[in-house]
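One structure is given below, encoded as structure tokens.
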Amino acid sequence: MQRNNLTRIICALLLMAVWGMTSCSRQRTVYANYEHIDDEAWEKTDTITFDVPALETAGTYREKLGLRLADNFPFMSLSLEMEIQVLPKDLIFSTQHKFSVIDQSGNSKGKGLSLQQYDFDIDEMQLEQGDSLHIRVAHNMKREILPGVVDLGFILIKK
């Protein structure tokens, strides 16, 4: 009987140790926000902005872009211009991205039924405690008005 109790205690301690190790390595979403595109028509002159409040801890952060498209999105990919301003340092990073939404077979790479959800990794950056971000995103497509874009989101994950 004492042997069973000792076995239970050892198993419980091992489970707690494994749980403790995995919870420390988990990534944590610190910011996630989606902006709705009016009338599902994103004009070239419309810039979508996101403001990430001051971060509680320093570390490596992963940036992701979320996208929700309707069935009437007419292209196989989406070209975006992105500007990230790190405050209070006033550092500005400007990048261009092209995201494929349709595979070679003509199938959507997104998930969903009436709307397709896409998640794209952008980059990683080192940020300090107290840093905040101001993000501006604009499309860089040939059409002035881009139909079918329903929502655009920015996600920041602490690694």
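The values are calculated or read from the model by the stated rules, or taken from the named source; none is laboratory data. Everything quoted here is computed from the prediction, not taken from an experiment. With ideal geometry, Cβ positions are generated from the backbone for all residues, glycine too; neighbour counts draw on all protein chains shown. Calculation scope for accessible area: heavy atoms of the full protein, side chains included, ligands and nucleic acids excluded. Shrake-Rupley method; radii C 1.70, N 1.55, O 1.52, S 1.80 Å.
The figures follow:
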quantity	calculated
Failed item in (1) open to solvent by 50 Å² or more (accessible area, probe 1.4 Å); (2) farther than 23 Å from Val30 by Cα; (3) in contact with a strand residue (DSSP E or B) (Cβ under 7 Å, 6 or more places away or on another chain), with Pro147 passing the rest	(1)
In segment 41-75, the residues that are touching a Phe, Trp or Tyr at 6+ places or on another chain (Cβ under 9 Å), within 19 Å of Val101 (Cα to Cα) and not aliphatic (A, V, I, L, M)	Glu63, Lys64, Gly66, Arg68
Selection within segment 79-96 - buried (at least 16 other Cβ atoms within 10 Å of the Cβ) and not β-branched (Val, Ile, Thr)	Leu80, Met82, Gln85
Evaluation of Asp131 against (1) open to solvent by 30 Å² or more (accessible area, probe 1.4 Å); (2) touching a Pro at 6+ places or on another chain (Cβ under 8 Å); (3) not β-branched (Val, Ile, Thr) (one fails), failing number	(1)
Scope segment 74-92; condition in contact with an Asp or Glu (Cβ under 8 Å, 6 or more places away or on another chain) and under 12 Å from Ser132 (Cβ atoms); matching residues	Ile84, Val86, Leu87, Pro88, Lys89
Failed item, numbered, when Gln126 is tested on (1) under 26 Å from Lys44 (Cβ atoms); (2) open to solvent by 30 Å² or more (accessible area, probe 1.4 Å); (3) within 19 Å of the chain's Cα centre (by Cα)	(1)
Test: residue in segment 96-114 that is free of Cβ contacts under 8 Å to residues at least 40 places away in the same chain and touching a Gly at 6+ places or on another chain (Cβ under 7 Å)	yes
Subset of segment 112-159 [more than 14 Å from Glu35 (Cα to Cα) and of a type in the set (D, E, K, R)]	Asp119, Asp121, Asp123, Glu124, Glu128, Asp131, Lys142, Arg143, Glu144, Lys158, Lys159
Total residues in segment 97-116, condition exposed (fewer than 11 other Cβ atoms within 10 Å of the Cβ) and of a type in the set (Gly, Ala, Ser)	3
